[in-house]
Amino acid sequence: MKFVINRDVFSDAVSFAVKLLPQRPAMPILGGVRIEATADGVVLSSFDFESSARTKVAADVEAEGVVLVSGRLLSDIASKLPQREVRVEDDGTKVTIRCGSANFSFARMPLEEYPTVPTVQGLTGVVEGKAFAEAIGQVAISASREDVTPVITGVQLEAADTTLTLIATDRYRVSVRSVQWDAGDRTEPVTSLVPARTLVEVGRTFGSAERIEITLSEPGDRQQIAFSTADRTVTSLLIKGNYPPVRRLFPESVDHHAVVNTAELIDATRRVQLVLDAEAAIRYTFSEGQVQLEAIGSEQAQASETIDCVLDGEEIVLSIKPQLLIDGINATHSEFVRIAFTRSESTNKPGPMLIRGQTSRDDAEATDFKYLLQPNLLLR
């Protein structure tokens, strides 16, 4: 195998191929990157039985062939090469990379032991890249990071008619966002539970693409999903299990709410939070014209601050963990945030808070993103 390739093209392709590789692969072979040179160009791919990445780039191929090399080593080398054309060669025993006066040679990995990179067939639809990436960023914050309950470490994708809905929860909050979905004539509902880590990387990598093609595999033992754009594809094994019915937690309508400037609420929360111990809550008092923040920390430290708000309804007092609130209002991507207060079955407890964005203080039209917060109800 021998080819010559543009330095930036090579570095970018390697970076994409190694992005989903595990830090500590179950087997050393799964930390490899497969490089295949063909008459049509060079294909770089990686696969660890859970997720895969594949990209095809243009190159001047002098000799076709396939080789498997260490992904981390290849990435370190590719990112540090000088701005010269890159020559990659495999002589059957070792791989050599030359770029300007820089020369590297290293051992091949046993290609015959490497698993076949999967292809996914099934229901295929298209979403707009920027909208999908934004939706992932808004929703994935609510996915659980604890492997004790694998089913909630993922993001549920629900495709129906012309809408693709993303849902995530960690039991303490729920995030929901929908985007336009075009699957042609196939409109039957399909659900896929995708690992949040993989989906976040898809959003980062494909966010600038005009269109992203999503393929949901047919039911089977190893259901997978594929995300493709141009000459790049990411696949992921789906998480097995039944996702909790969190949609039922969202109220159909809420009349009691406050509207606050997003930046002012975030800044005030971060200032008042300074006196708190980890995991402690801030007391928020929403009243006509203002919301007061109060915190009592250790060593007799206290903090309070008042900011403007518009309240529709009665005064209400809530204790909220500041980071959970900041995550939700940050994700609205709006200048103003509407915090709606609901009722619970217990008259002594408020119901969950429904957080949505607004473009102005007086605008009654909320954005598509919804964030529901309150632990005592979501833990049921």
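Pick from Ala140, Ala107, Ala135: which is among the aliphatic types (A, V, I, L, M) and more than 30 Å from Ala209 (Cβ to Cβ)? First the steps, then the outcome.
Numbers: Ala140 fails: more than 30 Å from Ala209 (Cβ to Cβ); Ala135 fails: more than 30 Å from Ala209 (Cβ to Cβ).
Ala107 is the lone residue from the list that is among the aliphatic types (A, V, I, L, M) and more than 30 Å from Ala209 (Cβ to Cβ).
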A careful count of residues in region 157-207 that are among the hydrophobic types (A, V, I, L, M, F, W, C), open to solvent by less than 30 Å² (accessible area, probe 1.4 Å) and outside any strand (DSSP E or B) gives 6
Within region 116-145, restricting to residues that are part of a loop (DSSP other than H, G, I, E, B) and touching a helix residue (DSSP H, G or I) at 6+ places or on another chain (Cβ under 8 Å), the one that is modelled with the lowest pLDDT is Arg145
In region 252-270, residues that are surrounded by 15 or more Cβ atoms within 10 Å (Cβ to Cβ) and under 24 Å from Ser344 (Cβ atoms) total 8
Flagged in region 74-92 as open to solvent by less than 80 Å² (accessible area, probe 1.4 Å) and in contact with a helix residue (DSSP H, G or I) (Cβ under 9 Å, 6 or more places away or on another chain), in numbering order, are Leu74, Ser75, Ile77, Ala78, Ser79, Leu81, Pro82, Val86, Val88
Checklist line | Qualifying residue in region 18-34 (condition: outside any strand (DSSP E or B), buried (at least 19 other Cβ atoms within 10 Å of the Cβ) and β-branched (Val, Ile, Thr)) | finding: yes
Checked against (1) open to solvent by 80 Å² or more (accessible area, probe 1.4 Å); (2) of a type in the set (S, T, N, Q); (3) part of a helix (DSSP H, G or I), Gln273 satisfies every condition except (1)
So Val95, is it open to solvent by less than 10 Å² (accessible area, probe 1.4 Å), out of contact with any Leu (no Cβ under 6 Å at 6 or more places or on another chain) and over 27 Å from Ser228 (Cα atoms): yes
Among Glu294, Glu279, the single one that is in a strand (DSSP E or B) and open to solvent by 10 Å² or more (accessible area, probe 1.4 Å) is Glu294
Of the candidates Glu335, Glu299, the one satisfying the condition of being open to solvent by 80 Å² or more (accessible area, probe 1.4 Å), touching a helix residue (DSSP H, G or I) at 6+ places or on another chain (Cβ under 7 Å) and modelled with pLDDT under 95 is Glu335
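Quick grid of which residues meet (1) farther than 30 Å from Val151 by Cβ; (2) touching a strand residue (DSSP E or B) at 6+ places or on another chain (Cβ under 9 Å); (3) free of Cβ contacts under 8 Å to residues at least 40 places away in the same chain:
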residue	(1), (2), (3)
Glu252	no, no, yes
His256	yes, yes, no
Val259	yes, yes, no
Glu264	yes, yes, no
Arg271	yes, yes, yes
Glu279	no, no, no
Thr285	yes, yes, yes
Val291	yes, yes, yes
Gln302	yes, yes, yes
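The values are calculated or read from the model by the stated rules, or taken from the named source; none is laboratory data. Worth saying up front: this structure is predicted, and the values here are computed from it rather than measured. Note that we place each Cβ from the backbone using ideal geometry, even for glycine, and neighbour counts take in every protein chain shown. Quick note on the areas: whole protein, heavy atoms, side chains included, nothing else; ligands and nucleic acids left out. Shrake-Rupley method; radii C 1.70, N 1.55, O 1.52, S 1.80 Å.
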